[in-house]
Structures are given as structure tokens and as C-alpha cells.
Amino acid sequence: MKPTPTYANKPTSDNPRDVEAWALAEAARRIIAASHAKDEKAYREALQLNQRLWTIFQAAITEEDCGHPPEVRTNIAALSLLVDRETTSRLVDLDFSKIDTLVNINRNVASGLTAQGEFIAAQQATQPPQGAAQATPPAPGQPAGMRPAVPPRPMGQPDTPPVNRESLRISI
């Protein structure tokens, strides 16, 4: 087994969502650095690292206790296939100028994971404790006794309670 390398930056929390976002951003950073340096060896390593990361995501969505709704699982699978095709093309042609697709996918997914985590944390912080009475005043122009519209659930929040699992450890 390869020794775990040291990193200049590390995930700031043990939250799996944060670790995944960090790993995606780190993989994108390595692809960019290798392409700017025109270093073929580092470029191959960065591409292979990114592919391993997406293989982990592919495996995670096939587990029975995944917890993500089917549409999220389908989207992750589609992105994974795109990453596989793009990575294979870059490993064959070693074109340093064609990194935008992989870098953008990683950055956008990492950004979404971070934003979603912040949204969920904010929602949980504003919700009263379970069992507490919820005296919500009616919205302006809304008759008393009618409840305001419930905001949609954030994407990716499972329909079933989350399964307690050890946090995902990604060593890249």
C-alpha cells in the first residue's frame, strides 16, 4: 500500500460532504498545476487520482444503504461516465489544454456539496427542537390558520433516515 502523502491543505472537518468537496477541489488543483507545468508524469498522476476518486463515488451510489434518491444516483452515475471518458481521452492524448471539462465538473460538484452542506446546517439551526410548538405567524395577506408553503427539500437529502456509517476517508 502506498504511504499517505502529506498535504499543504487538508479538509477542515470530518463531515463526509466536506471531505468529498475537498477531495474534488484538490484533484482539480492537481490537474491544473500539472497542465500548467506541462509535466506529463504529474498530469497522468493527477488524472488517475481524479479517476480513482470518481470510482469511489460510483461504488458508493451502488451500495444498498446509499440513501440518495434515484435521480441523484443517476446524475452521479452520468457524471462519472463523462469523467471516465474525458479522463481516458486525456490520458491518451496528454493534451494539457483540454482540462476544462474535468476541472469544471470537479469544481461545480465541490461547490454544490459545500453549498448544500451550508444550507442543511442553516435549516437545522433554525428549526425548533422536536416536540416544540410551532407558532408560525401567517404571511402577509394569508388567512390565519393556513400554513405557509413548505420549502422544497434540498436535493440529495434522503427520503429515509441516514444510515450511520463511518465517515469516508479519502487518501489522495
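The values are calculated or read from the model by the stated rules, or taken from the named source; none is laboratory data. Predicted, not measured: the structure shown is a model, and the values here were computed from it. Note that we place each Cβ from the backbone using ideal geometry, even for glycine, and neighbour counts take in every protein chain shown.
Being modelled with pLDDT of 95 or more, over 19 Å from Thr114 (Cα atoms) and either assigned to a helix (DSSP H, G or I) or touching a Ser or Thr at 6+ places or on another chain (Cβ under 6 Å) (or both), is that true of even one residue in region 12-29? Among the residues of region 12-29, not one is modelled with pLDDT of 95 or more, over 19 Å from Thr114 (Cα atoms) and either assigned to a helix (DSSP H, G or I) or touching a Ser or Thr at 6+ places or on another chain (Cβ under 6 Å) (or both), which makes the answer no. Filtered by the rule that a residue be surrounded by 16 or more Cβ atoms within 10 Å (Cβ to Cβ) and in contact with a Pro (Cβ under 9 Å, 6 or more places away or on another chain), region 73-120 gives a lone residue, Gln116.
Given Ala33, Ala60, which one is in contact (Cβ under 8 Å) with a residue 40 or more places away in the chain, assigned to a helix (DSSP H, G or I) and of a type outside the set (Lys, Arg)?
Ala60
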